[in-house]
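Colleague: Just passing along the structure, written as structure tokens.
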Amino acid sequence: MWMKEIFGTDKPIVAMLHLAALPGDPLYDKNKGLCYVIERAKREIKALQDGGVDGILISNEYSFPYMGDVPIITAMSMARVIGQLKEYFTIPMGVQIISDPYKTFDLAASVGAKFVRGTFTGSFAGDHGIAVYDTGKIMRHKIAVGAKDVKCMYNLVPEAAKYLVDRSWEEIADSTVFHCKPDALMVAGFLAGREADTQIMTRVKKVVPNTPVFANTGVRYENIEMQLAACDGAIVGTTFKEDGDFYKEAKYDRVKAFMNKVREFRGDK
């Protein structure tokens, strides 16, 4: 029910707004500065909203390589960017500071985000080393900073990582819902732009039928019907970008064509 209340539809499409690299990031362009980050984001917000998406999730996607304890400058820069752009949003907005759930909730509380996505529980190993998420501490932090009502979309397994112990997707989903009470579960491919396995989403949904399950990566114009048939919504980023290139900007024509197909599938009036 919360998805219908926030996004106004069943099977919502939440678009990614990947902010250009920020101060402190290795890829940050000091000559262009934050003004470039803001102007690029403004163009993409217009393309995404005019194209008809149901929500926008803002992340520091280009802060490569990611850190578990993100520098304060990242959160401050994101707060400044979002603060200057907030007047342009006409649809629900969420945030994520990648791999740092504490600062994600700090940011959500400061900018009035409706929802967040992230990894909030589990122990993983991958490209960025070993990560252990103390979910009890994280959720108490969420309440302490005033983000109690922010909806939480949990990554079941983060991209480019694996659980440190051998656990099935069903076991992970079942225990996560029992212990953490997530508002939604996210099933991703191995990297951004890689298709999420519809069989896995179906298996997860069977175990936790009352919890929304989202396709977290790799949803494209060509597979949208198959993906939405297996899940309750989708996060979409790369496919909206010019030439489907992860590093380029979202373009209205690509968003519009995609959302026309989504609306037809959902039977929107």
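Colleague: Once the whole set of protein chains is in place, how much accessible area is left on residue 28, using a 1.4 Å probe, in Å² to the nearest 10?
Modeller: For residue 28, the solvent-accessible surface is approximately 50 Å².
Colleague: Related question: Along region 155-172, what does the Karplus equation 6.51 cos²θ - 1.76 cosθ + 1.60 (θ = phi - 60°) give for ³J(HN,Hα), rounded to whole Hz, x for Gly and Pro?
Modeller: Running phi through 6.51 cos²θ - 1.76 cosθ + 1.60 with θ = phi - 60° gives 5, 5, 9, x, 4, 6, 8, 9, 4, 6, 10, 7, 9, 6, 4, 5, 5, 4 Hz.
Colleague: OK, next. Would you mind pulling out the separation of the Cα centroids of region 40-62 and region 128-190, in Å?
Modeller: 25
Colleague: Sticking with this one: Between residue 140 and residue 253, what is the FRET efficiency for a Förster distance of 41 Å, r being their Cβ-Cβ separation, to the nearest 0.05? Write out the running numbers ahead of the final one.
Modeller: Numbers: r = 45 Å, r/R0 = 1.10.
Efficiency for this residue pair is about 0.35.
Colleague: A follow-up question, please. Could you quote the convex hull projected area for region 1-64, Cα atoms only and averaged over all directions, in nm²? All intermediate terms of the calculation are to be shown ahead of the outcome.
Modeller: Working: hull surface 20.2 nm².
Approximately 5.0 nm², given one-decimal rounding.
Colleague: Rg (Å, one decimal) plus Dmax (Å, integer) for the alpha carbons of region 196-240?
Modeller: When restricted to the Cα atoms of region 196-240, Rg and Dmax are 10.1, 31 Å.
Colleague: Evaluate the distance, in nm, between pseudo-label points positioned 7 Å from the Cα of residue 220 and of residue 160 along their respective Cα→Cβ axes.
Modeller: For residue 220 paired with residue 160, the spin-label model returns 2.1 nm.
Colleague: Mean separation of Cα pairs under 8 Å and 6+ residues apart, divided by the residue count of region 2-264: what relative contact order is that in percent?
Modeller: Values: 525 pairs, mean separation 46.7, N = 263.
This gives 18 percent for region 2-264.
Colleague: Still on this structure, please answer the following. Charges on Cβ only, +1 for Lys and Arg, -1 for Asp and Glu, centred on the Cα centroid of region 2-264; of 6, 227, 68, which one is farthest towards the dipole's positive end?
Modeller: About the Cα centre, the residue reaching furthest to the positive side is 6.
Colleague: Please give the net charge around residue 142, taking every other residue with its beta carbon less than 15 angstrom from that of residue 142, where Lys and Arg add +1 and Asp and Glu add -1.
Modeller: Details: positive: 103, 114, 117, 137, 140, 148, 151, 181; negative: 100, 106, 134, 149, 183.
Once all neighbours under 15 Å are counted, the net charge is +3.
Colleague: Length gain on complete extension for the stretch residue 210 to residue 30, per 0.36 nm per residue less the alpha carbon to alpha carbon distance?
Modeller: On the way: separation 180, 0.36 × 180 = 64.80 nm, distance 4.68 nm.
Gain in length upon complete extension: 60.1 nm.
Colleague: To continue, here is another question. With +1 on each Lys and Arg Cβ and -1 on each Asp and Glu Cβ, how big is the dipole of region 2-264 about its Cα centre, in debye rounded to the nearest 20? Please report the intermediate quantities before stating the final value.
Modeller: Details: 33 positive and 33 negative charges, 107 e Å.
The dipole magnitude comes to about 520 debye.
Colleague: Which FRET efficiency, nearest 0.05, do residue 86 and residue 243 yield, Cβ-Cβ r, R0 35 Å? Provide the component values of the computation, followed by the final result.
Modeller: Values: r = 29 Å, r/R0 = 0.84.
The calculated FRET efficiency here is 0.75.
Colleague: With N set to the residue count of region 2-264, report its C-alpha Rg divided by 2.2 N^0.38 Å to two decimal places. Don't skip to the end; give the middle numbers.
Modeller: Working: Rg = 17.1 Å, N = 263, 2.2 N^0.38 = 18.3 Å.
Region 2-264 yields a ratio of 0.93.
The values are calculated or read from the model by the stated rules, or taken from the named source; none is laboratory data. The model shown is predicted, which means the values in this text are computed figures rather than measured ones. Neighbour counts are summed over all protein chains in view; Cβ atoms, including those assigned to glycine, are modelled from backbone coordinates with ideal geometry. Areas reflect the complete protein model, heavy atoms only, side chains present, ligands, DNA and RNA absent. Shrake-Rupley method; radii C 1.70, N 1.55, O 1.52, S 1.80 Å.
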